[in-house]
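Nothing in this text is a laboratory measurement; each read-out follows from the coordinates by a stated rule. Predicted model only: the values in this text are computed from it and were never measured.
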Amino acid sequence: MTTKEAIRFASAVAAMKCTQPGGRAGIPNREQTESFLSLYA
């Protein structure tokens, strides 16, 4: 994974995490993140 891809992935995880309150709630797994990226990036 390149630095650019890692930043893009981390940004997607952060965006998805912000949809639910709490420390662990809303943290997506890799499959969910890749699906999100395929739809929105």
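Only helical runs count toward this figure. For the chain, summing -39,500 (n - 2.57) over DSSP H runs of n ≥ 4 and dividing by all residues gives -20000 deg cm²/dmol at 222 nm.
Its Kirkwood hydrodynamic radius, worked out from the mean inverse distance over all distinct Cα pairs, puts the chain at 10.5 Å. The C-alpha atoms of the chain define a longest principal axis, and helix 30-40 lies at about 70 degrees to it. Kindly express, to the nearest 10 degrees and within the range 0 to 90, the angle between helix 3-17's C-alpha long axis and the longest C-alpha principal axis of the chain. Around 20 degrees separate the two axes.
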